[in-house]
Amino acid sequence: MSTRTIGIIMNGVSGRMGYRQHLMRSILAIRDQGGVLLSDGTRVQVEPILVGRNEAKLAELAAKHDIEHYSTDLDGVLADPRWEIYADFLVTKARAAAIRKAIAAGKAVYTEKPTAETAADALELARLAEEAGIKNGVVHDKLYLPGMQKLKRLIDSGFFGRILSVRGEFGYWVFEGDWQQAQRPSWNYRAEDGGGIVVDMFPHWSYVLENLFGKVESVYARAVTHIDERVDEQGATYRGTADDAAYAVFELEGGIIAQVNSSWTVRVNRDELVQFQVDGTHGSAVVGLFGCKIQPRNATPKPVWNPDIEDSHDYDADWLDIPTNEVFENGFKTQWEQFLRHVLEDAPHPYDFLAGARGMYLAEQGLESSRSGRRLDLADVSTTSAPLEMVTSV
């Protein structure tokens, strides 16, 4: 069996997502398992180089995880042919400029979302990558969650019949930072720093909805800042200028209606931090990060509304848990392996910069819907020549 090594530039690994999910649980896990096995029997090992601005922190991470290479010189690393893939986990404001450099250097690019601060810039990245002929991918981690994979099987099996609607609840209470430290960085709550739950979560809802249920054709949203004063990491009070909650209705192809609430100002009363209910003519499902329970048509109870009598029926007992019949690996690692095979042997990987552009476009139009109070029909962003300005309101 032949072996080789592929070099991966990892820019932004000192951040929470870059370190935990992409470095530790993905690339280092792939390294420790001996690399990725290709279809022809070749095994390819991964070798990361850590890139960032703080050399001391990079050196500390490299020593901790037995990584040989690190650098504060992104341009120099991009010029080195040893490093074939550029991976970006920077804050959104810094991402597009770095990705443009990587495309110009001829690197394959894998990035977190959103891919840029605007839909136009995100679409430009897709055009540049297409013109350069480089492989590109955007993180679609939610699709690889155990609960979502169980849901996909239900959809593919025809369990639901005709799907009617999707209702999603995501979020939790993020502490204001005064009497208890906030569990998210303060920049998330400042619009001037690229914060806001719409920009953070609508790109997720874009790929979840389009890959499981159908293309998003319109959006009506209300984005709000419920808490307008917070305390940052240094104990200083700052004004919350970004939306911390969003309430949206998406119309999907085929007439499916999706309602999704996203909030950092909600106290959780559900089984998991994100939960979707899918209702169809033949059955329904409730799905979270890991769990999935169903209620088929022929096992649906017959509720009767009577506000004068206390309802003693146990509705939770009417649902059947879907068993976990296989081991689901970390979703970030699974998608990394898929992207590596895409780069190394041209295996399928549909989650590209165009998908990233659609996500940012949905976020942008969601914010415009909130500002204008209108439902907005969405343009078709299936090619790099998509006319984003051709958006109609209803």
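Look at region 342-367: where a residue is in contact (Cβ under 8 Å) with a residue 40 or more places away in the chain and under 19 Å from L143 (Cα atoms) and a partner is of a type in the set (V, I, T) and surrounded by fewer than 20 Cβ atoms within 10 Å (Cβ to Cβ), sitting 6+ places away or on another chain with Cβ atoms under 7 Å, you get L354/T384; M360/T118. Looking at region 177-186, is at least one residue assigned to a helix (DSSP H, G or I), open to solvent by 30 Å² or more (accessible area, probe 1.4 Å) and within 23 Å of E364 (Cβ to Cβ)? No, every residue in region 177-186 fails to be assigned to a helix (DSSP H, G or I), open to solvent by 30 Å² or more (accessible area, probe 1.4 Å) and within 23 Å of E364 (Cβ to Cβ).
Take the conditions (1) open to solvent by 40 Å² or more (accessible area, probe 1.4 Å); (2) under 20 Å from the mean Cα position of the chain (by Cα); (3) not polar (S, T, N, Q); E253 misses just one of them, which is (2).
Within region 193-222, residues that are open to solvent by less than 10 Å² (accessible area, probe 1.4 Å) have Cβ atoms under 6 Å from residues that are among the β-branched types (V, I, T) and not in a loop (DSSP other than H, G, I, E, B) in these pairs: W205/V260; L209/V216, counting only partners at least 6 apart in sequence or on another chain. Restricting attention to region 324-337, the residues that are polar (S, T, N, Q), surrounded by fewer than 20 Cβ atoms within 10 Å (Cβ to Cβ) and touching a residue at least 40 places away in the same chain (Cβ under 8 Å) add up to 3. Checking D200, D243 one by one, the residue that is within 24 Å of M17 (Cα to Cα) and either among the polar types (S, T, N, Q) or assigned to a helix (DSSP H, G or I) (or both) is D200 and no other. Residues in region 44-64 that are farther than 27 Å from R341 by Cβ and either in contact (Cβ under 8 Å) with a residue 12 or more places away in the chain or among the charged types (D, E, K, R) (or both): G52, R53, N54, E55, K57, L58, E60, K64.
Scanning region 160-169 turns up no residue that is part of a helix (DSSP H, G or I), among the hydroxyl-bearing types (S, T, Y), open to solvent by 10 Å² or more (accessible area, probe 1.4 Å) and in contact (Cβ under 8 Å) with a residue 12 or more places away in the chain. Restricting attention to region 232-250 and to residues that are open to solvent by less than 30 Å² (accessible area, probe 1.4 Å) and of a type in the set (A, V, I, L, M, F, W, C), the residue that is farthest from the chain's Cα centre (by Cα) turns out to be A242.
The values are calculated or read from the model by the stated rules, or taken from the named source; none is laboratory data. What you see is a predicted model; the values in this text were computed from it and never measured. Backbone-built Cβ (ideal geometry, glycine too); neighbour counts: all protein chains shown. Note: areas computed on protein heavy atoms with side chains; ligands, DNA, RNA excluded. Shrake-Rupley method; radii C 1.70, N 1.55, O 1.52, S 1.80 Å.
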